[in-house]
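Step one of this worksheet: look at the structure below.
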Amino acid sequence: MKNKLEAKNVSVFYDDFQALNNINMSFEENAVTALIGPSGCGKSTYLRLFNRMNDYIESFRLEGEILIDKKNIYNKNIIVEDLRKNIGMVFQKPNPFPKSIFENVAYGLRIQGIKNKAILRIKVRKALQQAALWDEVKNDLDKSALTLSGGQQQRLCIARTLAVEPSIVLMDEPTSALDPIATAKVEKLIYELKKEYTIIIVTHNMQQAKRISDYTAFFYMGDLIEYNKTEHIFTNPTHDRTQNYITGRFG
Amino acid sequence: MNNSKVNRIKDKAFNYFGIFCTLIGLVILAFFIGNIFYDGITRIDWDFLTALPSRKAEKAGILTAWVGSIWIVVFTFLIVVPLGIAAGIYLEEYGKKSKLSELLEVNISNLAGVPSVIYGLLGLEIFVRVLGMGNSILAGSFTLALLVLPIVIVSSREALKAVPKSIRLASFALGSSKWQTIWHQVLPASFGGILTGVILAISRAVGETAPLIVIGALAYVPFTPSSPMDEFTVLPIQIFNWISRPQHEFTVNAAAAIIVLLIITFTMNGIAVYFRNKWQKKINW
Ligand SMILES: Nc1ncnc2c1ncn2[C@@H]1O[C@H](COP(=O)(O)OP(=O)(O)O)[C@@H](O)[C@H]1O
Ligand SMILES: [Mg+2]
């Protein structure tokens, strides 16, 4: 097994408030790692470290290192735009661009300078197929993405992310705005995707973490309490806090 | 009577008072428009639209005036659109919180309150004299562009601000730079709002008279302009000129020209409303 990402002595501050306390953790390649924990424990903050989306928060400050393929992505010589082409992100609320379905998926390719229509068509199709959306939209590629249902929009956002062929996909509660049927589709999709991608997913849903992840990390008030194989966390957690959280005794 | 009944009556009374106040404005406007149509509508015909100005009222037409207005509109548009949108983008997307942009912001609000005649003086000094444009269409267009620039800047900023953060974040997360995000996502999504502002600005420019008189636009221009460096007149100046004559026939001409001017501005405002509605329907966050 190979470590794709690593957090080394990571602490995060928003001004004086410390949101993450000295986290050390590594992520296995081509596996799904779930981040769980009560609201406000720092899951989203942690996830955003890996594609440097926290950079847009003025009060944000980082101590420690985030390594991807052994390279510190907060080094001065890192070009953030290039980094993000390798690390996709799917957001909590579906946020398609107010453009056609095709243009949504093609956008990431276009900004990389790909103009050839045939190549674009092939890649868009492949991404939509990976996201299990192709059959539903193949005749409506020119329709506005905003006409899709919430679940379809979220799969479109996944397709948009996959189109640029990243090796890592970050997901922040990707199904929290979806109904159960759409959620099931996205879960199945995530399970399929791990063959080719390293996936980190934040989820509020214990059952979801159990169903789709290989590893689970439990956070509490900025601390990493427990990190292990998912089956281990859910059957035999070491800490009482973890036990209480996964059995729903506090949330 | 108990208290809530009294309140109910007060409510009603205020309601009627509000309707009354609204109606005053509408009635007066309707009266003016009606009056002008009564005076001028029969005067409008093909000859009136295509005849050159003349000392004889019944022979005089507005060809040079409306052609001049169109020249002015086109060049004002060409100047104000890139300037206004670029300034809006800078202030909203780049300059935020810098000392410079704070200073600019205050001054843009101030500019919006400056009387238009002052812009005329500014235009006379800078464009007509210093930059040597003379009393040409170009000088007039630059002057009007300055005058309506705050409208375009402010409405561009509003439109850019209305684009949700989630769209920008999605674009950044795909690896696009700030400029790519603005150009490919934010600008297209705010296009409706920006366009609305531009059209309102231009329709304001069409009706302006004072600054153009100050920079030396002429009341009597016996030819239609053929280049932006030519002298010119515009509809409002032609109207002003006719109204100041004693003969009744010229007043009729003025009324007819006012109708044409009103049609132009109402049409432009209508287009602005149409685009706003269309874009709001298309982009429904
Ligand atoms: N932009 C921000 N500025 C200041 N504090 C923030 C910001 N974002 C999150 N926080 C704080 O950091 C902590 C962790 O937040 P977050 O990472 O969103 O938690 P989670 O995703 O687990 O709910 C919370 O206490 C939250 O209030
Ligand atoms: Mg969160």
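With the simple spin-label model, which puts each label point 7 Å out from Cα in the Cβ direction, the B:VAL106 to A:LYS229 separation comes to 6.7 nm.
Pairs exceeding 26 Å between alpha-carbon atoms, taken from A:LYS2/A:LYS210; A:LYS43/B:LYS161; A:LYS143/B:LYS96; A:LYS188/A:LYS229; A:LYS70/A:LYS123; A:LYS43/A:LYS229: A:LYS43/B:LYS161; A:LYS143/B:LYS96; A:LYS70/A:LYS123. Solvent exposure of B:SER177, expressed as accessible area, is near 30 Å², computed with a probe of 1.4 Å over the protein chains only. Rounded to the nearest 0.05, what FRET efficiency do B:LYS99 and B:SER177 have when you use their Cβ-Cβ distance and R0 = 41 Å? Efficiency, rounded to the nearest 0.05: 0.95.
DSSP bridge analysis restricted to chain A gives an antiparallel fraction near 60%, rounded to the nearest 5.
Tell me whether the range B:3-43 comes out rounded, prolate or oblate; compute the Cα gyration tensor, take square roots of the eigenvalues as a ≥ b ≥ c, and use a/c under 1.5 as the rounded threshold.
On the way: a/c = 10.26, a/b = 7.82, b/c = 1.31.
Verdict is prolate for the range B:3-43.
May I ask you to give the solvent-accessible area per residue for the range B:46-284, in square angstrom, as obtained with a 1.4 angstrom probe? Spell out each step's value before the answer.
Working: 11070 Å² over 239 residues.
Per-residue value: 46 Å².
For A:LYS4, the residues whose modelled amide H falls within less than 5 Å of its own, excluding neighbours fewer than 5 places apart on the same chain, are A:PHE27, A:GLU28, A:GLU29.
Heavy-atom accessible area, probed at 1.4 angstrom with all protein chains present, ranks A:TYR56, A:TYR74, A:TYR46 as A:TYR56, A:TYR74, A:TYR46, highest first. Paramagnetic label reach from A:SER39 (point 7 Å along Cα→Cβ; backbone nitrogen cut-off under 13 Å): within the range A:188-229, residues A:204.
Residues of the range A:144-164 that lose at least 40 Å² of accessible area (1.4 Å probe, protein heavy atoms only) when the other protein chains are present, relative to their chain alone, are A:LEU146.
Restricting to DSSP loop positions (anything but H, G, I, E, B) with no more than 13 other Cβ atoms inside 10 Å of their own Cβ, which trypsin sites (Lys or Arg not before Pro) remain in the range A:129-180?
Working: sites: A:LYS138, A:LYS143, A:ARG155, A:ARG160; in loops: A:LYS138, A:LYS143.
The qualifying sites are A:LYS138, A:LYS143.
Figure note: B:CYS21, A:CYS157 ranked by solvent-accessible area, largest first, 1.4 Å probe, ligands and nucleic acids not counted: B:CYS21, A:CYS157.
Report the accessible area of A:TYR227, computed with a 1.4 Å probe over the heavy atoms of all protein chains in place, in Å² rounded to the nearest 10. Rounded to the nearest 10, that gives 70 Å². Assuming a ≥ b ≥ c are the square roots of the Cα gyration tensor eigenvalues, decide whether chain B counts as rounded (a/c under 1.5), prolate (otherwise, with a/b larger than b/c) or oblate. Because a/c hits 1.5 or more and a/b fails to exceed b/c, chain B counts as oblate.
With 30 Å² as the minimum drop in accessible area between chain alone and full protein complex (1.4 Å probe), the qualifying residues in the range A:65-99 are A:GLU81, A:ARG84, A:PHE91, A:ASN95, A:PHE97, A:PRO98, A:LYS99. When the accessible area of the range B:26-99 is computed with all protein chains present and a 1.4 Å probe, what percentage of it is carbon and sulfur? Accessible surface attributable to carbon and sulfur in the range B:26-99 totals 74 percent.
Using r as the Cβ-Cβ distance of B:LYS161 and B:ARG245, and R0 as 51 Å, what FRET efficiency do you calculate, to the nearest 0.05?
The value I calculate is 0.55.
Under a Gaussian network description of chain B, with springs only between Cα atoms under 10 Å, the residue in B:VAL152, B:VAL221, B:VAL198 that fluctuates furthest is B:VAL221.
Springs join every pair of Cα atoms under 10 Å in this Gaussian network model of chain B, and among B:ILE108, B:ILE36, B:ILE28 the largest mean-square fluctuation is at B:ILE28. Across the range B:258-269, coupling constants 3J(HN,Hα) worked out from phi with the 6.51/-1.76/1.60 Karplus curve, θ = phi - 60°, read 4, 4, 4, 4, 4, 4, 4, 5, 5, 4, 5, 5 Hz, and Gly and Pro carry x. Over chain A, all Cα pairs binned in 10 Å intervals from 0 give whole-percent P(r) values of 7, 31, 35, 21, 6, 0, listed from short to long. Per-residue 3J(HN,Hα) values for the range B:108-123, derived from phi via the Karplus relation 6.51 cos²θ - 1.76 cosθ + 1.60 with θ = phi - 60°, read 5, 5, 4, 4, 4, x, 6, x, 5, 4, 5, 4, x, 4, 4, x Hz in sequence order (x marks Gly and Pro). R0 = 41 Å: FRET efficiency of A:SER26 with A:ILE119, Cβ-based, nearest 0.05? Rounded to the nearest 0.05, the efficiency is 0.70.
Amide H contacts of A:TYR220 (H built 1.01 Å from N, in plane; Pro and chain starts excluded): A:ILE225 sit under 5 Å, all sequence-distant by 5 or more or on other chains.
Taking every DSSP beta bridge that has both residues in the protein assembly as shown, what percent is antiparallel when rounded to the nearest 5?
Details: 25 of 42 bridges.
Roughly 60 percent of the DSSP beta bridges within the protein assembly as shown come out antiparallel.
Of the residues A:TRP134, B:TRP66, the one with the largest accessible area comes first in the ranking B:TRP66, A:TRP134, computed with a 1.4 Å probe on protein heavy atoms.
When a/c reaches 1.5 or more, the comparison of a/b and b/c decides; with that in mind, is the range B:28-126 rounded, prolate or oblate per its Cα gyration tensor? Prolate is the answer for the range B:28-126, as a/c is 1.5 or above and a/b outweighs b/c. Summed over both chains, the contact between B and A buries some 1800 Å² of accessible surface at a probe radius of 1.4 Å.
The values are calculated or read from the model by the stated rules, or taken from the named source; none is laboratory data. Just so it is clear, the model here is predicted, and its values are computed rather than measured. Virtual Cβ from ideal backbone geometry, glycine too; neighbours counted across all protein chains shown. Note: areas computed on protein heavy atoms with side chains; ligands, DNA, RNA excluded. Shrake-Rupley method; radii C 1.70, N 1.55, O 1.52, S 1.80 Å.
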